[in-house]
Structure formats: structure tokens, C-alpha cells
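Here's the structure we're looking at; comments come further down.
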Amino acid sequence: MLDLDLDFSRFATRRQMLQWLAALGATVAAAPAYGVGIEPNLAPHVVDYDVQPAGWPETFNLSIAVIADLHACEPWMDQERIARIVTRTNAIGADLIVLLGDYVASHRFITGQLEPAEWAEPLKDLRAPLGVHAVLGNNDWWQDTTVQRTGKGPPAAKGALEAVGIPVYENEAVRITKNGRAFWLAGLGDQLAYQKTRKPPRSHRDGADDLPGTLALVTDDAPVILMAHEPDIIMRVPERVALTLSGHTHGGQVRLFGWSPVVPSDYGNRFAYGHICEPRDIVVSGGLGCSIMPLRLGMPPEIVLVRVGSSSAAVPAV
């Protein structure tokens, strides 16, 4: 039998040990309160990544500001807060801005819903030289009762964004030029669009995504950037795509020491957050709002700045 005889006096007095344990207990008790009352409401910080994906010319510098997972609602993400996020995003001065879906709230801990026109209105002030571009997320589909009842889209979120001048990509691609150099920006339909459909008529598939059809629209050898709300698609993304940008996971919403206990992905923490380089380059945003419940712990709200190309650091983080 193992007999442990530890002399804690070498490390601390009994009183110091009790004080330390009391402090630890207070910290553990305070964590949920912080995670609900403080961290979800923090002003977003800018997280930046310098990436040089395979298939992207080293001398072609491009900067992309990423907004993901607003989950608009009162009191957590009202019009005023969205307007502040817009101002901060514009201040980054990126070449283009992408919106990666989930504009609609998906939890019950709210004091009021925002109609699509209400949360879209402040987004009309987003500005970037190469434009503002968007895809939809699963909650934009799931929370649209008409779409889920009929089994066909598009959801109201698409019309709200287009009404304020923001194009929404549903398995579409556009060729964009910067300083005489071209790249393709492709946007995938949501991969979980009809997951909550319960009654017929039902779509013939759970998702509204068509990756082969989207990439078939790319007609030359210019590099491709793909917007896809859920990151799991990266397992099917071919080498033709230089970089994929995703949201959806919120970084797990609770993330400690680089690990999250719950991640809405078939691959767990593998594609939960950050810049992942295998099997392809993908950047997964931690997002801005909350899903399931208004809790963030170790995963504060963020705007992402992606600098693509070797000299792209010329765009400062804010």
C-alpha cells in the first residue's frame, strides 16, 4: 500500500493553504457569473491572422475583415451594439468584409427579438474597397418558421441583407480584382439548412450547399477564397480553394487552455477555432454573439482580420 506523507509546510502555512483554497472556490463560483454577465458583453477585440496558403501568390496581398455569428437580439446584441461593431470593423481598413452567417438569435434568454430589417439596418454602413459579402448560417434557416414548414428557402435573412445592399452568396462565386490581380470569392449555401424540418414537404437534403456546383462557376486559374458558415466542409474542400473562412462554432463558446468541452462539429475541437492548416487552410472565427445560452468564458467576442500574402501585414490591427 502506498503511504503518502506530504509535508505541506514546505510550500505554505496552513492558513495560506486555506486562503488559497478559498480564493480558488470563489473563482470557480464567480466564473459562471462572469461568463454570463461580463464576457458576452465585452467590446469585440480584433484577432488577426497572417496566412500564406498553398495556391495563393506570395506577392498578392489581401486583407479580409470577418464578422460572424451576431445572433441579434435584445439585450445581448441590439441595434446599437451592432452599429458599434460596424464602426470598429470599418476602422480596420480591410480590403473587403465578409459576413459568415447566423444573424438570428437562437436561444430563449432574451428580452426581445430583432426583426431581420432591424438587425440588417446598421450593417448597411459597412464599407470596404472590395465590397461587403455574406453567406447565411444554420440559425438563419432554422429560425425561419416558414422555410422550415415548407422545406424550401430562401429565409428572410437573405432578403434583409440584400435590401441594405449586401449580396448573399448561395452556392455562388464572383471574380474580384485588386490592383490588376484577380481572385474568386465563393459562398456556400448552409450545410444544415433544413436540419429542423419535421413535416413534409421536406427538402431532398438537409443542407442547401452545393460545393461542386459552386466551384464549377470558377472559370480561370485565379485563387479561390470560400465562405462557408460551418467549418466541417473543409474535409471536402479541394486543393483548388486556397482559403476557407468559417464561423458557427463560437470557439466552443467556453474555451479554456485551447480546449472546448462542447463544439458543434463532427470533428470536436479539430476545427473549433483559429487558423488550421490541415487538410486545407481554414480560419474559424470565434464570432460575436451567443447560441444556446448567453454564455462566453475564455472566448470573448471578436472580429477577425485575415491578412493573405507575405506582405499583407501592411494593414494594421485595431
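Every read-out reported here was derived from the displayed coordinates using simple, explicitly stated rules and does not represent laboratory data. This one's a predicted model, so the numbers in the text were calculated from it and none came from an experiment. Every residue, glycine as well, gets a Cβ built from its backbone with ideal geometry; the counts of neighbours run over all protein chains shown.
For a protection proxy built on the mean count of beta-carbon atoms within 10 angstrom, sort 134-141, 214-221 highest first, please. Mind dumping the intermediate values first?
Working: 134-141: 28.5, 214-221: 13.5.
Averaged packing, sorted descending, gives the order 134-141, 214-221.
Take the alpha carbon gyration tensor of segment 79-221, find the square roots of its eigenvalues, order them as a ≥ b ≥ c, and report rounded if a/c is under 1.5; if not, report prolate when a/b exceeds b/c, else oblate.
Values: a/c = 2.77, a/b = 1.17, b/c = 2.37.
Oblate is the answer for segment 79-221, as a/c is 1.5 or above yet b/c matches or exceeds a/b.
Determine ³J(HN,Hα), in whole Hz, for all residues of segment 88-100 in sequence, where each value follows from phi through the Karplus function 6.51 cos²θ - 1.76 cosθ + 1.60 and θ = phi - 60°; x replaces Gly and Pro.
5, 5, 4, 5, 5, x, 6, 5, 8, 10, 10, 10, 10
Taking H as built 1.01 Å from N, whose amide H comes closer than 5 Å to the amide H of Gly101, not counting residues under 5 places away?
Here the answer is Asp69, Val135, since their amide H atoms fall under 5 Å of that of Gly101.
At a Förster distance of 22 Å, what's the computed FRET efficiency of Glu74 paired with Leu42, Cβ-Cβ distance as r, to 0.05?
Step by step, r from the Cβ atoms, then E = 0.80.
Would you mind classifying segment 44-314 by shape? Square roots of the alpha carbon gyration tensor eigenvalues, ordered a ≥ b ≥ c; an a/c under 1.5 is rounded, otherwise it is prolate if a/b is larger than b/c and oblate if not. List each step's numbers first, then the result.
Working: a/c = 1.38, a/b = 1.24, b/c = 1.11.
Here segment 44-314 falls in the rounded category.
Explain nothing, just compute: Karplus ³J(HN,Hα) = 6.51 cos²θ - 1.76 cosθ + 1.60, θ = phi - 60°, for every residue of segment 223-232 in order, whole Hz, x for Gly and Pro.
After applying 6.51 cos²θ - 1.76 cosθ + 1.60, I find x, 10, 10, 10, 9, 8, 4, 8, x, 4 Hz.
For Trp76, what residues show an amide H to amide H distance below 5 Å, using hydrogens built from the backbone and excluding near sequence neighbours?
So Trp76 has HN proximity to Thr111.
Could you pull out every residue, at least 5 positions away or on a different chain, whose amide H is within less than 5 Å of the one on Tyr49? Hs are placed 1.01 Å off N in the peptide plane, and Pro or chain starts have none.
Leu305, Val306, Arg307
Residue by residue through segment 158-163, which ³J(HN,Hα) values in whole Hz follow from phi under the Karplus form 6.51 cos²θ - 1.76 cosθ + 1.60 (θ = phi - 60°), with glycine and proline marked x?
Using θ = phi - 60°, the values come out as 5, x, 5, 5, 5, 5 Hz.
For segment 143-248, which trypsin sites (Lys or Arg not before Pro) are in a loop by DSSP, counting at most 12 other Cβ atoms within 10 Å? Spell out each step's value before the answer.
Values: sites: Arg149, Lys152, Lys158, Arg175, Lys178, Arg181, Lys196, Arg198, Arg202, Arg205, Arg236, Arg240; in loops: Lys152, Lys196, Arg198, Arg202, Arg205, Arg240.
Sparse-neighbourhood loop trypsin sites (Lys or Arg not before Pro): Arg198, Arg205.
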